[in-house]
Amino acid sequence: MTKELFFQAILKFVLGVAVIGILIFLPAGTIDYWNAWLFMGILFIPMFFAGIIMMFKAPELLKKRLNGKEQQSEQKLVIKLSGLMFVMGFVIAGFNFRFQWIVLPDWVIWAGAVIFLFSYLLYAEVLRENTYLSRTVEVQNGQKVIDTGLYGIVRHPMYSVTIILFLSMPLVLGSIISFAIFLAYPFIIVKRIRNEEAVLEKDLEGYIAYKKKVKYKIIPFIW
């Protein structure tokens with residue numbers, strides 16, 4: 001661990017809390033939005049402790065997870081579309097709470113929270129299985145194909161998990177309208193996967209054989 005990595009991680013964490021808080025609470029017109037606080041808690045508290053663990057146990061993995069600067073031109077569009085989806089989804093959730101457009105029952109909010117936390121556990125498992133994971137599409141020096149665990153079920157378990165994770169977010173925030181906005185994510189991720197697989201086939205030894213072994217990309221028996 002270096003001081004630079006420490007301050008980079010802390011800065012990104014604080015900025016993330018501030019930006020998401022503004023996007024949700026400002027449109028809501030109040031901080032008395034209990035399920036938004038629930039969402040902030042289940043999102044950032046596990047993230048904080050996971051970051052601390054990675055900082056001491058796997059600083060290289062943390063460094064890769066903090067780097068979001070894409071080199072692939074196609075992926076830059078994916079990042080922009082994903083960012084737009086998040087901004088719209090959070091802002092609409094805030095407005096939905098303020099104007100009470102469509103109010104979801106509390107049991108849906110709590111069910112969404114349970115699904116979110118379960119997805120977080122799966123997310124941690126993917127990171128444990130594949131220490132080469134970065135936020136950008138690239139093949140790293142010494143990278144090897146991972147074909148066990150969740151990678152023995154689908155080729156991109158991280159994307160499988162993030163689909164569940166992101167679709168549970170608007171449920172915790174109590175907005176079915178935001179849920180409809182977040183439904184764009186599976187379609188956005190399809191574009192990312194197609195480009196990523198082209199890069200992996202070209203630059204990662206053994207990936208073509210892995211594709212023959214594990215047929216499904218993100219959803220078993222479907223795609």
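Readers should treat all values here as calculations from the given coordinates under stated rules, not as data from a laboratory. If you're wondering where the values come from, they're calculated on a predicted model, not measured in any experiment. Cβ placement follows ideal geometry from the backbone for every residue including glycine, while neighbour counts extend to all protein chains displayed.
Using the Cβ of GLY206 as centre and a radius below 15 Å, the other residues enclosed give a net charge of +1, where K and R count +1 and D and E count -1. Of the peptides 201-212, 171-182, the order by per-residue mean of other Cβ atoms within 10 Å, starting with the highest, comes out as 171-182, 201-212.
If you place +1 on the Cβ of every Lys and Arg, -1 on the Cβ of every Asp and Glu, and leave all else neutral, what size is the dipole of region 1-133 about its Cα centre, to the nearest 20 Debye? Don't skip to the end; give the middle numbers.
On the way: 11 positive and 8 negative charges, 79 e Å.
Dipole of region 1-133, to the nearest 20 debye: 380 debye.
Projected onto their three principal axes, the Cα atoms of region 1-45 cover extents of 39, 18, 9 Å, largest first.
Could you work out how much longer the chain between THR148 and PHE118 gets when fully extended? Use 0.36 nm per residue separation minus the Cα distance between them, nm to one decimal.
Full-extension gain reported as 8.8 nm.
What's the local net charge at TYR185, with K and R +1, D and E -1, over the other residues with C-beta under 14 Å away?
Numbers: positive: LYS80, LYS191, ARG192; negative: none.
Charge balance near TYR185 sits at +3.
Viscosity 1.002 mPa s, temperature 20 °C: Stokes-Einstein D of region 3-213 from its Kirkwood Cα radius, in µm² per second? Estimated diffusion coefficient is 117 µm²/s. If the chain linking LYS202 and ILE45 were pulled fully straight, counting 0.36 nm for each residue of separation and taking away their Cα-Cα distance, it would gain 52.7 nm.
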